[in-house]
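The values are calculated or read from the model by the stated rules, or taken from the named source; none is laboratory data. Bear in mind the structure is a predicted one, so any value in this text is a computation, not a measurement. Neighbour counts run over all protein chains shown; Cβ positions are idealised from the backbone, glycine included. With ligands, DNA and RNA removed, areas are computed over all heavy atoms of the protein, side chains included. Shrake-Rupley method; radii C 1.70, N 1.55, O 1.52, S 1.80 Å.
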Amino acid sequence: MGGSGTLISIYPEDLTFLFELDKRCYCNLKVVNNSEHHAAFKVKTTSPRKYFVRPNASIIQPWDSCTITITLQAQKEYPPDMQCKDKFLIQSTKVAASTDMDEIPPNTFNKEVDKVIEEMKLKVVYTVPSGSSDDSGITSLGSRSFKLGSDDLTMLKNASIEEIQTIQRLKDERDTTLQQNQQMQRELDVIRRRRSRKSDAGFSLTFAAFAGLIGVLIGLLMSLIFPPPQAAA
């Protein structure tokens, strides 16, 4: 499933849409390049007519990131039990720095012997807004995207719809906070890598300038200690 690979990382690991009838739903996906190489990626889905993906392919510079916006087209009815079987596949591979992101060669993601293609699969999760008057009641809420233990099931049997919705909202907030913390940690890692690369380059330039300055000073000192012989009159 989605997550972290050798070349790129993906956040979040699932595509979660706040599902509402007759309305478009949106979900952002962040792709982070974990390497010092240029990385090309391409997004595929099992339901291309149902989703609008931008960009569906691009190139990410070393240690950089890209945000993908996925739009779920307006739907006329709820899926059975709010379960979605749609899947997304993200392919990635190393490319030359000179590759144009607007004209990625069509054979870039072909699986060949001398080419490594990373693939990550993401599932789609539908949730309903808190306070939604869904006719399916507890059955619909019980099929939401969180796992229930035996204690949770006992509590749900004795809880009202409002209490169930409150529990779900708190769980969603908790999951969102955890995902945001993971995203911040990944971004901090990317920043640290960039600073490390820049500090290495800055040290090299400073050392070269310092060495050049020492050379000039030594030259001046030598000219003062050993002045050139004067020509005979």
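Here are some notes:
- Within the stretch 55-84, considering residues that are surrounded by fewer than 16 Cβ atoms within 10 Å (Cβ to Cβ) and farther than 24 Å from Lys30 by Cβ, the one modelled with the highest pLDDT: Ala74
- Verdict on Lys87 being touching a Ser or Thr at 6+ places or on another chain (Cβ under 6 Å) and modelled with pLDDT of 90 or more: yes
- Hey, Lys44 modelled with pLDDT of 95 or more, within 23 Å of the chain's Cα centre (by Cα) and open to solvent by 80 Å² or more (accessible area, probe 1.4 Å) or not: yes
- Only residues that are among the β-branched types (Val, Ile, Thr), assigned to a loop (DSSP other than H, G, I, E, B) and more than 22 Å from Met101 (Cβ to Cβ) were counted in the stretch 1-48, giving 1.
- Phe52 meets each of the listed conditions (1) in a loop (DSSP other than H, G, I, E, B); (2) over 16 Å from the mean Cα position of the chain (by Cα) apart from (1).
- Residue match in the stretch 78-89 (condition: touching a Phe, Trp or Tyr at 6+ places or on another chain (Cβ under 9 Å), under 30 Å from Arg195 (Cβ atoms) and in a strand (DSSP E or B)): no
- Qualifying residue in the stretch 89-106 (condition: more than 30 Å from Glu36 (Cα to Cα) and in contact with a strand residue (DSSP E or B) (Cβ under 7 Å, 6 or more places away or on another chain)): no
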